[in-house]
Amino acid sequence: MRNQQHTAEEFAKSRIGDLKQVVGSEDGQKVKAMMNQNAANLRQAMQSGDMGTLKQTFDELMQTEEGARLIGKIQNMMP
C-alpha cells in the first residue's frame, strides 16, 4: 500500500497542471458537486477506514457518465 501511495503522490506532482485542468472541467465540476453532497459521510468513512462506504461511493460515481469520463481522462494520463 505504501508503494502505491508513493507512486500516486509522484504521479500527482508530475501531472499537477493536467490534473487541475481535468478537475476544473465541466465533468470535474459535476463530480465535485456530487461528492460535496456526501462530504460529511465521505470524511467520516476516510477517517474511520470504512472502505465499504468509500468503495460504494466511488462505484456509484463511476456509474455516472461524468464520473466515468473523469476517471478515464485520469487513467489516460497514467504511464
- If we scan the stretch 51-63, do we find a residue that is hydroxyl-bearing (Ser, Thr, Tyr), modelled with pLDDT of 85 or more, surrounded by 10 or more Cβ atoms within 10 Å (Cβ to Cβ) and in a helix (DSSP H, G or I)? yes
- Name the helices (runs of 4 or more DSSP H) wholly within the stretch 11-50 that hold at least 1 residues that are in contact with a helix residue (DSSP H, G or I) (Cβ under 7 Å, 6 or more places away or on another chain) and touching a residue at least 24 places away in the same chain (Cβ under 8 Å)? 16-24, 26-37
- Task: Please work out if residue 73 is surrounded by 10 or more Cβ atoms within 10 Å (Cβ to Cβ), closer than 18 Å to residue 8 by Cβ and touching a residue at least 12 places away in the same chain (Cβ under 8 Å).
- Result: yes
- Task: For residue 40, state whether it is within 13 Å of the chain's Cα centre (by Cα) and exposed (fewer than 11 other Cβ atoms within 10 Å of the Cβ).
- Result: no
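The values are calculated or read from the model by the stated rules, or taken from the named source; none is laboratory data. Remember, it's a predicted structure, so these values are computed and weren't measured experimentally. Methodologically, a virtual Cβ is constructed for each residue, glycine included, from the backbone with ideal geometry; neighbour enumeration extends over all protein chains shown.
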